[in-house]
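Taking it in order: structure first as structure tokens, then the write-up.
The values are calculated or read from the model by the stated rules, or taken from the named source; none is laboratory data. Keep in mind that this is a model prediction, so the values were computed, not measured. Note that each Cβ is placed from the backbone with ideal geometry, even for glycine, and that neighbours are counted across all protein chains shown. Remember, those area values only see protein heavy atoms, side chains included, never the ligands or the DNA or RNA. Shrake-Rupley method; radii C 1.70, N 1.55, O 1.52, S 1.80 Å.
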Amino acid sequence: MQIEQPFELVLFGGLGDLALRKLFPALYLLELDKRLPKGRILAVGRRELKRPELLGKIKSRITNLDDATWLRFEQRLSYVSVDVQQVDAYQHLASELDESCPNRLFYLATASSLYADIAKNLHLNQLIQSSSKVVLEKPIGHDLASAKNINKAVAEYFDEAQIYRIDHYLGKETVQNLMVLRFANSIFESQWNQQYIDHIQISISESLGVEKRAGFYEQVGAFRDMMQNHLLQLLCIVAMEPPSKMEPDAVRDEKVKVIKALRPIEGKDILDKVVRGQYGDGVSEGKPVPKYRDEEGVDGQSQAETFVAMKVEIENWRWAGVPFYLRTGKRLAERACEIVVQFKEIPHSIFAMQHKETMANKLIFRLQPDEGIRLQLCEKKIGSGMNVRPMILSLNPDNPSQDYLSVNSAEQSTNGHVTRVPEAYERLLFDALASNPTLFLRDDELMQAWDWVDPILAAWQESESTPEPYTSGTWGPAAATLLLAKDGRLWNENN
């Protein structure tokens, strides 16, 4: 797919961490691949900034810099100082835009509390065209009511077809490969149900602490930051029914059905099925680290959770009786994102098998730090006797020695040319510019997700219970281990 029309990308929050760390490098990579047509990128920030300073900030964040590519890329870049809450301030932005541009994309990399003001002020300054689009970063709101208000305010000025709610995990190559693996291979799809699958685990773990995001994290916490969006989105991709065709609304219809089928977690079920924790001091990556409450900018009595684990159930024919275990946390043993599909035991084993949990067949999708897929099977151990051991089948014929199919650096084509695999934000920015909403959230999907998580958040707010402390550098609170242990299961932590 190519973008045919010239574009203007207006990036609000253009000096923020997300823009400098992810968005500008992703746009540079599109430039490197020569996938961007004629167009401009306008960074919007509150403070005054000279263009050379902007270029220096962006260039310092780009790795493997190519001089010729950078010369092309920097010609696209400019900066506009705008107080987004002041309607008159947008006149400066208006003077920088081309009224005839047929492909204008507004990217709101700001707090969602500013979305309504930005949309309204863009409208009042007549900067929204019928072909314009807007990208909204997560989390959108802090509960169902606030999400509805923000959604309603933006929808006054943008049609639903113009709104792209982004979740960058859906842009990862392995997530899309999961869909292909399921729906293009009968060997997997025929067994993708409660008859053959014992349970599914989805984990997003970080070894880092809150770092410089204390102000954000104190207001949001791990549940709103990761569970309500990233983990539920991955759950939808894993559990969805095959769409009738690979078209945006067909795919998103099936994802909404999954959220609607989630069994509510309310009342005393919250204590039984949801674990929240907060990291204490400990050792991470070989260095001593402070507890969350001692981090700069954190309230010394903070109740913000830095860890959440949940047991989730889907009430439909495909998944009846199959638990989904979700977890996310900071200051854990390692940085990783995995989807583990564990199949049921064989009905009767004729071999002596020890440690049945570790011997089970598993299909493992690894999303970070290195993307890839592997299948765990059993084989005979070399030597006398019929001793059985687990073995890993790498789904990477070009690199059989690798545990995972490596997709984050390069893949080899048949003619020997190395093709770089796009990063998540690179893919999603391209899709937004190309008007392809398949991997973006629809309004009903967002509202269904908030409707499901709201009772849990409300119960925490009303409860006198506090997050369970856990030692930094471990896999989280003891209660998270117990969550699976009482079902006779273990987290997949042998990487």
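Things worth noting here:
- Segment 11-43, subset assigned to a strand (DSSP E or B) and under 15 Å from R76 (Cβ atoms), residue most open to solvent (accessible area, probe 1.4 Å): R40
- Of all residues making up segment 151-196, the number that are surrounded by fewer than 20 Cβ atoms within 10 Å (Cβ to Cβ) and among the β-branched types (V, I, T): 2
- Residue ID - farthest from the chain's Cα centre (by Cα), chosen from residues in segment 49-86 that are surrounded by fewer than 13 Cβ atoms within 10 Å (Cβ to Cβ) and of a type in the set (G, A, S): A68
- Residues that are modelled with pLDDT of 95 or more and open to solvent by 60 Å² or more (accessible area, probe 1.4 Å) within segment 446-467 comprise just one, D451.
- Y292, sole failed condition from (1) open to solvent by 10 Å² or more (accessible area, probe 1.4 Å); (2) over 30 Å from I237 (Cα atoms): (1)
- Contact map, segment 186-214: residues that are closer than 25 Å to L484 by Cβ paired with residues that are of a type in the set (A, V, I, L, M, F, W, C) and open to solvent by 70 Å² or more (accessible area, probe 1.4 Å), Cβ distance under 9 Å, separation 6+ or inter-chain. Pairs shown: N193/W317; Q194/W317.
- Residue match in segment 346-369 (condition: of a type in the set (D, E, K, R), within 25 Å of E423 (Cβ to Cβ) and in contact (Cβ under 8 Å) with a residue 40 or more places away in the chain): yes
- Some residue of segment 43-63 being without any contact (Cβ under 8 Å) to a residue 60 or more places away in the chain, of a type in the set (V, I, T), under 23 Å from K138 (Cα atoms) and touching a strand residue (DSSP E or B) at 6+ places or on another chain (Cβ under 6 Å): yes
- Complete set of residues in segment 438-495 that are over 30 Å from N151 (Cα atoms), among the charged types (D, E, K, R) and within 24 Å of the chain's Cα centre (by Cα): E493
- Of the set (1) touching a helix residue (DSSP H, G or I) at 6+ places or on another chain (Cβ under 7 Å); (2) free of Cβ contacts under 8 Å to residues at least 60 places away in the same chain, all apply to I314 but (2).
- Any hit, segment 215-231, residues being in contact with a Gly (Cβ under 7 Å, 6 or more places away or on another chain), open to solvent by less than 80 Å² (accessible area, probe 1.4 Å) and in contact (Cβ under 8 Å) with a residue 60 or more places away in the chain: yes
- Given (1) in a strand (DSSP E or B); (2) in contact with a Leu (Cβ under 7 Å, 6 or more places away or on another chain); (3) at pLDDT below 95, index of the condition E357 fails: (1)
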